[in-house]
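A quick write-up on the structure given underneath.
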Amino acid sequence: MTTAGDDLPDVPSGSPHYRILLIEDDLGDALLVEELLHDTGLPFELTTRATLAQARTELATSQADCILLDLHLPDVSGIDALTAVRALAPNTAVIVMTGLSEAQAGTEAMAAGAQDYLVKGKVEADLLHRTVRYAVHRSQTERANSQAQAARQRAEENARLERGLLPQPILDTSTVRVTSRYLPGAALALLGGDFLDVVEGDDGLLHAVVGDVSGHGPDAAALGVFLRIAWRSLVLGGHQGEDLLHLMERILIAERGSHSLFATCTLLKLDQRAGTITLHLAGHHEPLLTTVDGTHEVTAAHGIALGIVPGLRSWPSTTVALPAAGALTLYTDGLTEGHSGADNDRLGVEGLLTLIESLPPADPAVHVDRLIQETHRLNAGRHSDDLAVLRLDWGDTHSRA
């Protein structure tokens, strides 16, 4: 490897340092390229390899800003050589070097993905200087444009999926106030399979669900949307409890394909007239009940997650009496699995309850937003998971948490 330093008189301070890989089996041509690079005044590091196999090993362990490629190597030649190098380093500028008799080779190489070409025997320092700089610039611009386009597409896909995961409640006569929040995981803002929904059935009862499909990314998010829409359709069709969960599990198995995904969820049926809720926990944790005396977990029987043991149908129900005024908070584990502060301990349910009690009384929506902000502050970016929160308020709860 040969290095020309930044102290060259014609190189402005702050100029980029070019890592150049020369793939050339002719020692004379390789020496000429190195001399020309010195004459360009570019700060560079040059690595020379004689075959594609050697270049493959080099590119597996180090990166290059620019590859100078001879189209006639001992183990590959022509456009095949360019195709192979582009496959090894798709984000690196490639400049091919052709012979005097290969009039069409350069233009064909550019059509195949090379940034530029040089004709051996006609290369001078100024030409090489411009060619390397412009090729690297074009490659970086293309990569930035590609990344920006991918980010836009991902944002558009996430927006469509998020609309499916966070729907508008269907409420007719119910006086229950619904507050819902959904936040994707931080890494690349990828959606997972958290989902929630609230509908008022023809029976006048309020039905709610919060669920979490295992895994992250489009497969989990799409399955979460399927399950959320299935839940809403089945509830409006009169299905409840174990029967509803059984049908949701069948849909999950049919839609998950070859992926071994499963889902946890909490089903809730709220009867305001009777002052009760009925819960079914399918591998999910209990909701939180807030009253004038504070906030605590609702004690309820646990069942198995959907898709773990298909057909087992182990989803016992729990009915709990409610106060005249209060709030229920259903959530996914993204709210509790983050860290609880400077140490590595997880927040957990106990930490969440302590945090809730420490927050000042506020409007339900403000309270939920503050709760999420505080969990994120304590976590400080050390844990990334989707987060879904659904809060149901009834009676006069606006003056407290």
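The values are calculated or read from the model by the stated rules, or taken from the named source; none is laboratory data. None of these values were measured; they are calculated from a predicted model. Cβ atoms come from the backbone with ideal geometry, glycine included; neighbour counts cover every protein chain shown. Ligands, DNA and RNA are stripped out before the accessible areas are found, and what is left, the full protein with its side chains, is counted by its heavy atoms. Shrake-Rupley method; radii C 1.70, N 1.55, O 1.52, S 1.80 Å.
Descriptive notes on the structure:
- Against the compact-protein benchmark of 2.2 N^0.38 Å, the Cα-based radius of gyration of the chain scales to 1.44.
- Positive-pole candidate from G78, A221, A93, dipole of the chain, charges at beta carbon: A221
- Rolling a 1.4 Å probe over the protein heavy atoms of the range 211-272, with every protein chain left in place, gives an accessible area that is 54 percent carbon and sulfur.
- Amide H contacts under 5 Å for H72, placed H, 5+ residues apart: G78
- Using a simple spin-label model with pseudo-atoms 7 Å out from Cα toward Cβ, E337 and T51 lie 4.8 nm apart.
- Taking one quarter of the surface of the convex hull spanned by the alpha-carbon atoms of the range 239-346 gives a direction-averaged projected area of 8.9 nm².
- Net +/- balance of residues flanking L371 in space, Cβ distance below 13 Å, scoring K and R +1, D and E -1: 0
- Most tightly packed first, judged by the mean number of other beta-carbon atoms within 10 Å of their residues, the peptides 112-125, 297-310 read 297-310, 112-125.
- The slack between S317 and D172, meaning 0.36 nm per residue of separation minus the straight C-alpha distance, is 49.6 nm.
- Each Lys or Arg adds one and each Asp or Glu takes one away; over the other residues whose Cβ falls under 11 Å from the Cβ of G348, this sums to -3.
- Pairwise centroid distance, computed over Cα atoms, of the range 242-266 with the range 29-48, Å: 61
- Amide H contacts of V210 (H built 1.01 Å from N, in plane; Pro and chain starts excluded): T266 sit under 5 Å, all sequence-distant by 5 or more or on other chains.
- Taken about its Cα centre, the range 278-401 carries a charge dipole of about 240 debye when Lys and Arg each add +1 at the Cβ and Asp and Glu each add -1 at the Cβ.
- M110 contributes about 80 Å² of solvent-accessible surface, heavy atoms of the protein only, 1.4 Å probe.
- Viscosity 1.306 mPa s, temperature 10 °C, Stokes-Einstein D of the range 20-177 from Kirkwood C-alpha radius, µm²/s: 89
- A compact globular protein would have a Cα radius of gyration near 2.2 N^0.38 Å; the ratio found for the range 168-282 is 1.09.
- Accessible area per residue, Å², the chain with all protein chains present, probe 1.4 Å: 47
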